[in-house]
Amino acid sequence: MITGDAAGIGRAAAERGMDAPTAVLIGVTGGLGQALARLLAAEGFRMVLAARREHDAAALTGRNDGSAIYLRADVTDPASLENLAAAAFDHLGRIDAVVNLAGISPRKAIEDYTSADLDALLAVNVKGPICLTQAFLPGLRKQTGGGVIVHIGGAMDGRVALPFMSAYAATRGALASYVQGANRELAGTDVVLSFFGPAPSNTESESAYFDMWRKMGVALCEPDAVARDILATIRQRRRAHIMGGSLLRMLTLVNAVSPSAADAIGLRRFGKLIQQHSPH
Ligand SMILES: NC(=O)c1ccc[n+]([C@@H]2O[C@H](COP(=O)([O-])OP(=O)(O)OC[C@H]3O[C@@H](n4cnc5c(N)ncnc54)[C@H](OP(=O)(O)O)[C@@H]3O)[C@@H](O)[C@H]2O)c1
């Protein structure tokens with residue numbers, strides 16, 4: 001299903017020219033997706049926007065010039081992703097960037113993750129990005145100049161697993177490994193995958209944890225700032241990008257070398273704070 005004004009789409013394409021940069025954003029109805037859709041529209045991108053619920057491209061971009069269309073898609077359904085990729089290549093002609101913002105982040109004690117939680121986590125956060133890559137890769141390989149697929153992971157590099165986020169963190173670590181392996185396989189092509197770790201941000205889905213991040217000394221980031229960093233990641237084709245101030249960067253580095261040193265610096269201490277804010 002495509003929502004938007006077909007006449008407007010034709011006008012915008014003609015006005016902007018078919019050489020305008022193009023992007024597909026999946027999981028665009030959340031706080032980070034909406035900020036990115038507005039930014040890319042302002043930067044002159046033509047876009048295909050997607051998530052599961054009904055929405056409207058003009059409402060998401062803040063523009064009524066037909067620069068974007070909205071389609072419904074579900075990353076847990078490979079057929080839905082194949083349909084999205086076919087419709088997006090058909091509409092945009094070529095795709096410079098695919099940004100996958102679809103994700104879920106239930107935070108619980110080890111024993112409290114239910115079987116349904118685990119199925120959903122694996123389907124959305126792990127199988128979703130893999131199937132999405134498979135759906136878009138053939139078209140990206142074929143076009144001149146290739147393209148970039150940016151997968152939005154968890155905060156830091158995906159491998160820093162905080163307490164009371166164990167099963168969630170496992171899915172982000174899996175995504176980071178997938179991106180690394182796929183990039184090694186794609187070496188020598190013009191297609192790049194990116195793992196993007198946003199800083200904890202001022203979005204509705206994160207709001208239950210604002211107080212926790214503040215107590216941990218982690219400053220909340222505005223979604224517009226995350227969107228600017230995602231755009232820089234697209235333009236520079238970064239294979240990995242970790243947002244956040246010096247604390248998050250230092251913990252990421254130390255954790256990569258020695259998890260016990262990262263515990264000593266602060267990760268173990270964070271457990272109590274996180275536990276106080278865990279929904280039971
Ligand atoms: N905000 C933060 O502080 C923060 C920090 C680190 C990482 N992240 C990650 O960054 C991403 C975006 O964050 P956000 O704050 O914008 O999250 P959000 O508000 O929860 O948005 C998540 C988006 O994913 C879509 N989605 C969920 N399941 C889907 C599925 N099966 N198929 C297609 N779309 C699906 C949702 O739309 P529908 O429900 O309509 O499908 C929504 O558009 C998430 O992966 C989040 O975990 C966020």
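Points worth noting:
- Segment 99-166 and segment 181-197: distance between their alpha carbon centers, rounded to Å: 15
- Taking all Cα pairs closer than 8 Å and separated by 6 or more residues, the relative contact order of the chain comes to 18 percent.
- Two tests apply to each whole DSSP H helix in the chain, Cα reach of 27 Å or more along its axis and mean Kyte-Doolittle hydropathy of at least -0.5, and the ones passing both are 166-186.
- Ordering of 97-104, 177-184 by packing [mean C-beta count within 10 Å, highest first]: 97-104, 177-184
- Built amide H within the under 5 Å cut-off of M156, gap 5+: M243
- T144 paired with R237, simple spin-label distance in nm, labels 7 Å along Cα-to-beta-carbon: 1.5
- The reciprocal of the average 1/r between distinct C-alpha atoms defines the Kirkwood hydrodynamic radius, which for segment 91-210 equals 15.3 Å.
- Among 112-124, 42-54, the peptide with the highest mean count of other Cβ atoms within 10 Å heads the list, and the full ranking is 42-54, 112-124.
- Subtracting the Cα-Cα distance of D224 and A79 from 0.36 nm times their residue separation leaves 49.0 nm of extension gain.
- Sequence-distant aspartates and glutamates (8 or more away, or on other chains) whose Cα lies within less than 15 Å of K272: D211, D263
- Within segment 2-276, antiparallel bridges make up roughly 5 percent of the DSSP beta bridges whose residues both belong there.
- Residue-count net charge about D96 - beta-carbon cut-off 13 Å; Lys, Arg +1, Asp, Glu -1: +1
- Normalised by residue number, the volume inside the convex hull of the Cα atoms of the chain is 121 Å³ per residue.
- In this Cβ point-charge picture (+1 for Lys and Arg, -1 for Asp and Glu), the chain has a dipole of about 720 debye about its Cα centre.
- Note on segment 23-96 and segment 221-280: Cα centroid distance 27 Å, given to the nearest whole angstrom.
- Among G147, A57, G197 - extreme Cα towards positive end, dipole of segment 2-276, charges at beta-carbon: G197
- Inter-site label distance for A256 and S166 at 7 Å from Cα along Cβ, in nm: 2.6
- With N as its number of residues, segment 174-280 has a Cα radius of gyration that, divided by 2.2 N^0.38 Å, comes to 1.23.
Computed from the coordinates by the stated procedures, all read-outs in this text should not be read as laboratory data. Just so we're clear, the structure is a prediction, and the values are computed from it rather than from any experiment. Quick reminder, even Gly has a Cβ in these numbers, built from the backbone with ideal geometry, and neighbours come from all protein chains shown.
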